[in-house]
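To start, the structure under review is shown below, and the notes come after it.
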Amino acid sequence: MADQMKPSLYTLPQSPPNWDAVGKFYISFCASWTFLLLLGVVFLVINRKNPILKIRGIGLSLAAILFLHVYWILAQITYPIGLTLPVIAAYDVQYFFMGIWFPLGVALFHASNTRFLHVAKLQKQYTQSPNIPRKKSGCNGADSSWLCRLRNMDYSKRILIYIGLGIIVQILLTVGMWLMCLKYHPSFGIPGTELAGDTIAEQMVELSRGWEWWPSALWQVIWTWIIAPVMIWKAWGIRDTLGWRFQTIGCCLSNLHATPLWLISMYVPAFAPVNKYFSSSEWIHLSVMMFEIFTVFVPCWLVVRQHRMRKRAADTNAKWDAASQSTLRASGSLEWKSASVLEKGLTIDLLDRELGDRLFTMSALDHVLNENPGPLQKFSALRDFSGENIAFLTSVASWKSSFPGDGNEDQIRDSFTRALVIYTSFISPRDAEFPINLASKDLKSLEEVFERPARIVCGEARVDPATPFAADGTQGNGGETDSSDAWMELGEVAGRIQYVGEISDAFDAAVFDRAQAHIKYLVLTNTWPKFVTEIQEQRRSGETQRSGGTGNSSSSLASRVLKLIHSVI
C-alpha cells in the first residue's frame, strides 16, 4: 500500500507554461540571438567565395553551428515551456540530444577547427622552393586497397567519414543504454535501473543522473580537455592574417569550463537554487554561444574589414597607376636597400616613407614579383594561407619567358607539358590541393585547353595509346605504365619528356593571361597590403625598442598582458 501511495513522475500531471519575467527573458533572448545568428550565417554564405571564408571551408563549420544551435534553443525554452511536456518525455528528449545530437555537433565543429592545422601544414610546401614540382600525397586508390582510397579523399570528406563511424558507435551506445534503463520505461529494462527516490524532487534529480549519462560526459571530456588543448598547442605558433588562429584558440578555450560546471551543478547540492533558473546544461550552452561568436560573427567582421582594405588598395592603385612605374624606377631619389630579415633581397625599400601609398600599387607588386618574390611567397604561405597565388604568378611568368615564339613542334609540346603542370598544380579543381580562385568563365576556358590532357595524365591511363608521354624507360611490360607514378613525376620530368597527345588550337603564350591578371589583382587587394603593412609595423616596432633602450625592463604588468593578448589575436 505504501508503494502504491508513493508519488511518481510517471503520473505527474503536466504544468502550464511559466511566463514570469525569467521565462519571458529566455524566449525573447532566444529569438533575438537566433535572428542575429541567422543573419550572420546568411552573410557568410553570400560571401563564401571571399578568400577569408573559402580557405576555411565554412560549410562544415556552419553545419556544426546549426546543429549546436538547435540544442541551444532547446535549452533556452526549457524554463518557460519545459514542464508543459510529460516529465519522462522531456528527459527522453534531453537524453537523446545530449547523447547523440550534441556529440555530433561538437565533433563536426572540432573537425572544422582541425582544418586550420591541415591548411597551415599544406601551405608550407610553397615555402620550400619557388619551383612547381611537388609530389601529391596519397596513392593510386583506383587500383589498391580501401585504405589507400581513403587517404586520397578530400580532407573534409575523410574527416566526415571518421565522424560518421564514431557517431554510429555513439548512437548504438546511447540507444542501447536507454533500452536497458527502467527509469525511462518501467515496462522493460534491466532490473536495478528503476527510478529511485521517495519524493518527486528526488526522482527529478535521479532522472538527470546515472551511468547512462557518462558516455556523453566522456565525449565532452575527450573533445574539451584532450583534443582542444592539443589543438591549442599546435596552433599557438601559427601567426595568420585571417583571424583563423584567434578563432580556433578562442573556441577551444571557451569550452573548457563546460563539462566541469555541468557535472558540478548536477552533483553539488549548493547549486540547487541556481539550477532552478539556470539549468545544468546551460553551462554547456554558454560555450555554444562562444562558438557562434568566434565562428560566425568574428568572420563577418573580418570580411567587412577586408572589404575596406581591398577598397583602399583598389583606390590607391587607381590613383597612382600612371605615376608609380616611373617612381619605382627612379633610383636617384630613392634608396634601394634591404630593411629586415623578412625583406632580405627585396629591391625596393618597403619602409621608405617617400613612397607612401605608392607601395600599395600594382607597379610595386610587379617590381617585387619580378625582382625577388621570395619574402612575399613566404608571407603568403605562412601568414595568409594563399601561397598558391604567388607560386602561380611566378610559375606563369617563368613559363611565358621561355615560351617559343616560332618554335618547332618539339618546343611547343615541351611548353605545353610545362603549362599542363601549371594547370594541374594550381588551377584544376580535381588535381590542385589549393586551386586558385578564378571566375567560372576563365576556369572553363582553361579546362577546354587542359582538362582532357590532365585527365589522361592524372587518371587511369595506358601508354599505348592513351598515355600522352613519350620517354625512354617509362613503359612497362606490354607498354603499360602506372598512372599514379606518371602523375607524381609530372612536375619533375616536365623538362625531359613531352606530351604527345592532341593539343588544343587555343593554346598559345596568352593562355594564362586572364587568370594571371585576375590572381595578380587578387594578391594586390588582399595579400600585398598585409605584407607591406606588416613589414612597416615590424620596422617601427624594432626602432621603438632600440630607441627605448633599457626602458622596456620597466614595462608594467598591464602592458605585458596587453602584448600577450595582442599576440594571441
Practice task
First measure r as the distance between the Cβ atoms of Arg149 and Lys234, then evaluate 1/(1 + (r/R0)^6) with R0 = 25 Å and state the FRET efficiency to the nearest 0.05.
Solution key: 0.40
Completion exercise
Rounded to 0.05, the calculated FRET efficiency for the beta carbons of Phe25 and His257 at R₀ = 22 Å is 0.50
Completion exercise
Rg from C-alpha atoms of the stretch 175-282, normalised by the globular rule of thumb 2.2 N^0.38 Å, equals 1.44
Completion exercise
For the stretch 17-86, inverting the pair-averaged 1/r of distinct alpha-carbon atoms gives a Kirkwood value in Å of 13.8 Å
Fill in the blank from the handout: So the FRET efficiency between Leu179 and Lys54, C-beta based with R0 = 45 Å and rounded to 0.05, is 0.50
Fill in the blank from the handout: In cubic angstrom per residue, the convex hull of the stretch 12-129 built on its Cα atoms measures 101 Å³
Fill in the blank from the handout: The orientation-averaged projected area of the Cα convex hull of the stretch 66-134, in nm², is 6.3 nm²
Completion exercise
With the 1.4 Å probe rolled over protein heavy atoms, the stretch 37-78 has an accessible area per residue in Å² of 40 Å²
Problem - Spin-label pair Met309/Gln536, simplified geometry with 7 Å Cα→Cβ offset, distance in nm - result: 1.3 nm
Exercise for the section: For the stretch 258-306, divide the Cα radius of gyration by the Kirkwood radius and give the resulting Rg/Rh value with two decimals. Expected result: 1.26
Problem - Additional length obtainable on full extension of the chain from Ile171 to Asp406, 0.36 nm per residue less Cα span - result: 77.9 nm
Completion exercise
Counting every C-alpha pair in the stretch 383-460, the percent lying more than 21 Å apart is 30 percent
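The values are calculated or read from the model by the stated rules, or taken from the named source; none is laboratory data. Computed from a prediction, not measured in an experiment: that's the story for all the values here. Cβ sites come from the backbone with ideal geometry, for glycine too, and all protein chains shown count toward neighbours. Only protein heavy atoms, including side chains, enter the accessible area calculation; ligands, DNA and RNA are left aside. Shrake-Rupley method; radii C 1.70, N 1.55, O 1.52, S 1.80 Å.
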